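Asks: Handing you a structure now.
The values are calculated or read from the model by the stated rules, or taken from the named source; none is laboratory data. All of these numbers come straight from a predicted model, not from anything done at the bench. So basically every Cβ, Gly included, is an ideal-geometry build from the backbone, and we count neighbours across all protein chains shown. Surface accessibility is based on the protein's heavy atoms, side chains included, excluding ligands, DNA and RNA. Shrake-Rupley method; radii C 1.70, N 1.55, O 1.52, S 1.80 Å.
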Amino acid sequence: MTSQSDNLEFRYRDIGQWTVPTLRFANATIPPLCLNVHGLIVNSITERKDRLQSWKVAVSSKVKSERGGKAWNTQAQYAIAISFSFFAADHGYRRRRDGQCELDVENFVKPVVDGLAAGLFCDNDKDPNRIEHWNYDDSNFNTLLIHRLPDADEPEDEGIAISVSSSLSGGR
């Protein structure tokens, strides 16, 4: 029996200013959706709920604008790669020996996945600024690759690169 991971290809792609690892279904008929979002990356345990909401809106808005004319199919299987570049001074954490700041990276993943799912699956007429509940079904995000990029040198360089591959043509 062939597993889903046997059907995935790993490769590096240029997304925005970064060269990042991506995943693609070997039998995909279209290239992955690739995009970048710049801004302060907010984690899921922040006390600043307004910042968390703004970050999710930024991610979902960018995804929705890049996905095409209609919501993607929630029944497709998805392989997601997310790369993070943090501007350390804005996160106030100590430096590790390798120079990167210490972060619990997994706490930054959930808001991105929430925004990504909303951007892929919300109706065309849904304004991401009006989303109150980030409960779009992400249960078919079967493969998730998290990648930490080198820390950004400037605040405006902080951000993420996302690659989404669908088992269906365009996820549609």
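Asks: With the condition kept exactly as written, say whether any residue in segment 25-38 is open to solvent by less than 20 Å² (accessible area, probe 1.4 Å), of a type outside the set (Gly, Ala, Ser) and farther than 29 Å from residue 154 by Cα.
Replies: Checked against the condition, which is being open to solvent by less than 20 Å² (accessible area, probe 1.4 Å), of a type outside the set (Gly, Ala, Ser) and farther than 29 Å from residue 154 by Cα, segment 25-38 yields at least one hit.
Asks: State all residues of segment 128-151 that are acidic (Asp, Glu) and open to solvent by 60 Å² or more (accessible area, probe 1.4 Å); if no residue qualifies, say none.
Replies: 132, 137
Asks: I'm told residue 107 meets every condition in (1) at pLDDT below 95; (2) part of a strand (DSSP E or B); (3) touching a Ser or Thr at 6+ places or on another chain (Cβ under 6 Å) except one. Can you identify the failing condition by its number?
Replies: (2)
Asks: Right, another one. If you check 66, 47, which single one turns out to be assigned to a helix (DSSP H, G or I) and of a type in the set (Asp, Glu)?
Replies: Of 66, 47, the one residue that is assigned to a helix (DSSP H, G or I) and of a type in the set (Asp, Glu) is 66.
Asks: Residue 112 versus (1) out of contact with any Lys or Arg (no Cβ under 8 Å at 6 or more places or on another chain); (2) modelled with pLDDT under 95; (3) surrounded by 16 or more Cβ atoms within 10 Å (Cβ to Cβ): which is the lone unmet condition?
Replies: Residue 112 satisfies all of (1) out of contact with any Lys or Arg (no Cβ under 8 Å at 6 or more places or on another chain); (2) modelled with pLDDT under 95; (3) surrounded by 16 or more Cβ atoms within 10 Å (Cβ to Cβ) except (2).
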